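A short write-up of the structure that comes next.
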Amino acid sequence: MTNGNTYYLAVTAFDITDTQSEYSNELQVIVTSFETSDVNQDGNLNVTDVVQLVWIILNDLQLSDLELSLADITNDSEVNISDIVELVYIILSQLNTE
């Protein structure tokens, strides 16, 4: 799936006798993505992402798959202080190129 495209999906199922159901109603999906590290998903990479990441860690929040992929900046399958340090580095690096 490509970011920005619209897709239409319908599903069907099979029971234990291999009988197929009718297709479901059609579902429209618009694929969007957020920049890795955009923890609060507002389209901007800044200090509010750092604050959100700290909040997640301090409160040991359960994250959705999307939230985990955005918050796990170091890609080590954990959200911890290393992700905060890396996020601050990314933000400061962007400021130095402006």
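Laboratory data are not the source of any read-out in this text; all were calculated from the coordinates shown. Here the structure is a predicted model, which is why all the values come from computation and not from measurement. Virtual Cβ from ideal backbone geometry, glycine too; neighbours counted across all protein chains shown.
Annotations
- Helix-only mean residue ellipticity at 222 nm for the chain, each DSSP H run of n ≥ 4 adding -39500 (n - 2.57), per residue, nearest 500: -11500 deg cm²/dmol
- Taking every alpha-carbon pair under 8 Å whose residues sit at least 6 apart, the chain reaches a relative contact order of 21 percent.
- On the beta carbon distance between Gln94 and Leu58, with R0 = 35 Å, the FRET formula returns roughly 0.90.
- Going through (1) 23, 16, 12; (2) 19, 15, 12; (3) 37, 18, 10, the figure that equals semi-axes √(5λ) of the Cα gyration tensor in Å as computed for the structure here is (3).
- Taking other C-beta atoms within 10 Å as the exposure proxy, Ile56, Ile90 rank Ile90, Ile56 from fewest upward.
- Look at Asp49, Asp18 and count the other Cβ atoms within 10 Å of each Cβ; fewest to most, that gives Asp18, Asp49.
- Folded to 0 to 90 degrees: helix 81-97 orientation relative to the chain principal axis, Cα: 70
- Taking other C-beta atoms within 10 Å as the exposure proxy, Val11, Val50, Val88 rank Val11, Val88, Val50 from fewest upward.
- Once the Cα atoms are used to define both axes, helix 47-58 deviates from the longest principal axis of the chain by about 70 degrees.
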